[in-house]
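Below is one structure, written out as structure tokens, with a few remarks after it.
The values are calculated or read from the model by the stated rules, or taken from the named source; none is laboratory data. Keep in mind it's a predicted model, so treat the numbers as computed, not measured. Here the Cβ positions follow ideal geometry from the backbone for every residue, glycine too, while neighbour counts run over all protein chains shown. These area figures cover heavy atoms from the full protein model, side chains too; ligands, DNA and RNA do not enter into them. Shrake-Rupley method; radii C 1.70, N 1.55, O 1.52, S 1.80 Å.
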Amino acid sequence: QVQVVESGGGLVQAGGSLRLSCAASENFFNINAMAWYRQGPGKQRELVATITNTGFTNYAAFVKGRFTFSRDNTKSTLYLQMNNLKPEDTAVYYCNRCHNKWPWGQGTRVTVSS
């Protein structure tokens with residue numbers, strides 16, 4: 001079973017930045033589309049951004065221009081650079097494949113104070 005570990009979350013003031021990481025025990029060279037998701041308090045999990053094996057990215061409207069998604073296939077690691085954070089970005093963030101999903105990891109909690 002693939003192990004997924006998200007990290008990098010924390011408490012930050014509005015306008016601040018965080019960089020999330022996601023490491024998984026699978027060869028990323030074999031995976032095309034991958035994604036970051038988030039689940040805010042009392043909300044359903046939602047898609048934040050996707051990235052293909054060639055580095056093409058797509059972002060949800062609510063993070064576009066503020067978040068940057070990247071991947072390092074040699075390290076089997078994903079990154080999410082989050083800038084200009086807003087209180088509404090408060091959530092647990094998860095990474096996963098877009099298709100044939102792994103079991104969900106524990107996620108990493110991001111709390112943005114106003």
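Details
- Here the extension length gained between PHE56 and SER17 equals 11.8 nm, from 0.36 nm per residue of separation less the Cα-Cα distance.
- Cut-off 17 Å, label 7 Å out along Cα→Cβ of SER7, residues of the stretch 23-40 by amide N: 23-26
- Antiparallel beta bridges, as assigned by DSSP with both residues in the chain, represent about 90 percent of the total such bridges.
- For LYS64, net neighbour charge (Lys/Arg +1, Asp/Glu -1) across residues whose Cβ lies under 15 Å away: 0
- Straight Cα distances below 27 angstrom link LYS101 to the lysines LYS43, LYS64, LYS75, with same-chain residues fewer than 8 positions distant left out.
- Mean Cβ count within 10 Å, highest first, over the residues of peptides 84-92, 59-67: 84-92, 59-67
- Where no second cysteine Cβ lies under 4.7 Å, the cysteines concerned in the chain: CYS98
- Around the amide H of SER76, modelled in the peptide plane, lie the amide H atoms of PHE28, all under 5 Å away and 5 or more residues distant in sequence or on another chain.
- Protein heavy-atom surface of the stretch 39-114, 1.4 angstrom probe: 47% of the accessible area is carbon and sulfur, with nucleic acids and ligands not counted.
- Magnitude of the charge dipole, the chain, Cβ model with Lys/Arg +1 and Asp/Glu -1, debye to 20: 100 debye
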